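Notes for the one structure printed next.
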Amino acid sequence: MKRPMAVSGARPAGNSSAHLGVAAAAMLAPAAWGTTYLVTTELLPDGRPMLLAALRALPAGLLLLLVGRKLPRGVWWWRAAVLGMLNIGFFFPLLFVGAYHLPGGVAATIGAIQPLLVIAFSAAVLGARPAPRAVAAGFVGVAGVGLLVLKGSAKLDGVGIAAMLTAIVIMAFGTVLTRKWGRPDGVTMLDLTAWQLAAGGLFLAPLALATEGAPPSFTAQNWLGFAYLGLFGTALAYVLWFRGIEALGAGPVSFMSLINPAVATAGGIVVLDQTLTGWQVLGLVLALGAMFAGQAPARPRAKAPVLAGGPKTGPRELLAAERGDSGRRASLSDRRGGPLAPDHLETPAHAIAHRTSRHDPGGTRAVPGAARPSGARHARAPARISLPKGRGHNPGRHRRPRTGGRT
């Protein structure tokens, strides 16, 4: 028995405990990204955003390629390049530019709009209809992150805001596109992650050399920071993140990004001896509550009804379904269960003709305007509706009684 397929944007059907394990693993990705701010300021060289982005992506991508030993084929050469540029190549440098020009609280608050953007892109690209609770949770999450990380003395910078907004929009679209394309048969999520990291890293490496020059000599502390970001914060984190998108949907996983500022704040408390105010505690509660509320799956957009011609479906029901009334409906599939091309779809009149011609070859009348559909592959006779004998129009049924003649 085949397992039911998950609808785009929703949780797949299956074992709930397995889904819980996938969700818990996916949460490790934004948790690891929440430590990036602390690692960057404490362990990595200052003022080299392009270099940091390149060294974070390219070594991790090459390492995963060596482990998986698979290269893209066919259309996946350009698909992997597109996903790599969206999720890595464009996102990483814009993120670092925004972080250098904005206070951490402002950058984190802008990043909190990602779930709302993913909801919008999922509706446009995947046809997923979001639940009102998910939309409300998105706004609550932005408010909670703002209370958690924003400070009254935060200064705004136009370049930083533009870079951060662009980075979040690009990653949101990349998240939805990752869900839409999935991965080819026989390819693991590790392989797909390797392709994206390698594509993004190959783009970032020459960009870093052109804009920042040759890299400086690194200390042991720098190498430790790069190793942590490359192995844990990039290679492992992105494998778990993309796996969560594939299994749980783009919308629910995007809400897990709200863990990022919470972990960053917790790191500041533990390492930098920072303290939380009452408003920050409220913001933390709101952000985490919004994350859990946003795990509600998106509802799929209703498919256009297709009439099912069958021996138990009469002309009256088919015509009523054409008008939008009650009638038998069928899924958009052929007899083998596969999707139908537009030129395979039949009008209700043709469905009636194909069915009734087998049961009542006599007593037919043509349906006005029932022409052959445009693009049909095979010629069809003019559609006719067959009415069973005795149930159609009887010319003598309403005949006036004779007034004369023999009795």
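The values are calculated or read from the model by the stated rules, or taken from the named source; none is laboratory data. What you are looking at is a predicted structure, and each value in this text was computed from that prediction instead of being measured. Cβ coordinates were reconstructed from backbone atoms using ideal geometry, including for glycine residues, and neighbour counts include every protein chain displayed. Just the protein is used for accessible areas: all its heavy atoms, side chains included, with ligands, DNA and RNA removed. Shrake-Rupley method; radii C 1.70, N 1.55, O 1.52, S 1.80 Å.
Quick check on Thr211: is it surrounded by 22 or more Cβ atoms within 10 Å (Cβ to Cβ), touching a residue at least 12 places away in the same chain (Cβ under 8 Å) and either β-branched (Val, Ile, Thr) or over 30 Å from Ala293 (Cβ atoms) (or both)? Give the steps one after another, and end with the answer.
Values: surrounded by 22 or more Cβ atoms within 10 Å (Cβ to Cβ): no; touching a residue at least 12 places away in the same chain (Cβ under 8 Å): yes; either β-branched (Val, Ile, Thr) or over 30 Å from Ala293 (Cβ atoms) (or both): yes.
For Thr211, the condition - surrounded by 22 or more Cβ atoms within 10 Å (Cβ to Cβ), touching a residue at least 12 places away in the same chain (Cβ under 8 Å) and either β-branched (Val, Ile, Thr) or over 30 Å from Ala293 (Cβ atoms) (or both) - is not met.
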Query raised in the report: Limited to the range 98-148, what total is found for residues that are among the aliphatic types (A, V, I, L, M), more than 19 Å from Ala287 (Cα to Cα) and in a helix (DSSP H, G or I)?
Result: 6
Query raised in the report: With respect to Ala107, is the statement that it is more than 23 Å from Gly144 (Cα to Cα) and touching a helix residue (DSSP H, G or I) at 6+ places or on another chain (Cβ under 7 Å) true?
Result: no
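Yes or no, residue by residue, for (1) within 20 Å of Phe242 (Cα to Cα); (2) in contact with a helix residue (DSSP H, G or I) (Cβ under 9 Å, 6 or more places away or on another chain); (3) open to solvent by less than 20 Å² (accessible area, probe 1.4 Å); (4) in contact (Cβ under 8 Å) with a residue 60 or more places away in the chain:
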| site | (1), (2), (3), (4) |
| --- | --- |
| Met50 | no, yes, no, yes |
| Arg56 | yes, yes, yes, yes |
| Gly68 | yes, yes, no, yes |
| Val82 | yes, yes, no, yes |
| Leu86 | yes, yes, no, yes |
| Leu95 | yes, yes, no, yes |
| Tyr100 | no, yes, no, yes |
Query raised in the report: Here is a list of conditions, (1) in contact with a strand residue (DSSP E or B) (Cβ under 9 Å, 6 or more places away or on another chain); (2) buried (at least 22 other Cβ atoms within 10 Å of the Cβ); (3) of a type in the set (Gly, Ala, Ser), and Ala123 meets all of them except one; can you say which number that is?
Result: (2)
Query - Gln295 vs. criteria assigned to a loop (DSSP other than H, G, I, E, B) and open to solvent by less than 30 Å² (accessible area, probe 1.4 Å) - result: yes
**Report entry** Residue count for the range 59-94, restricted to those that are within 21 Å of Thr36 (Cα to Cα) and either small (Gly, Ala, Ser) or in contact with a Phe, Trp or Tyr (Cβ under 9 Å, 6 or more places away or on another chain) (or both)
**Finding:** 11
Query - Residues located in the range 70-95, provided they are within 24 Å of Val159 (Cα to Cα), assigned to a helix (DSSP H, G or I) and of a type in the set (Phe, Trp, Tyr) - result: Phe91, Phe92
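Assess whether Leu150 counts as being at pLDDT below 85, farther than 23 Å from Glu246 by Cβ, open to solvent by 40 Å² or more (accessible area, probe 1.4 Å) and not charged (D, E, K, R). Before you say what the answer is, go through the steps one by one.
Values: at pLDDT below 85: yes; farther than 23 Å from Glu246 by Cβ: yes; open to solvent by 40 Å² or more (accessible area, probe 1.4 Å): yes; not charged (D, E, K, R): yes.
It is true that Leu150 is at pLDDT below 85, farther than 23 Å from Glu246 by Cβ, open to solvent by 40 Å² or more (accessible area, probe 1.4 Å) and not charged (D, E, K, R).
Let's see how each residue does on (1) modelled with pLDDT under 85; (2) closer than 29 Å to Thr188 by Cβ; (3) among the basic types (Lys, Arg); (4) within 30 Å of the chain's Cα centre (by Cα):
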position: Glu212; (1), (2), (3), (4): no, no, no, no
position: Ala220; (1), (2), (3), (4): no, no, no, no
position: Leu229; (1), (2), (3), (4): no, yes, no, yes
position: Gly233; (1), (2), (3), (4): no, yes, no, yes
position: Met256; (1), (2), (3), (4): no, yes, no, yes
position: Ala264; (1), (2), (3), (4): yes, no, no, yes
position: Gly268; (1), (2), (3), (4): yes, no, no, no
position: Gln274; (1), (2), (3), (4): yes, no, no, no
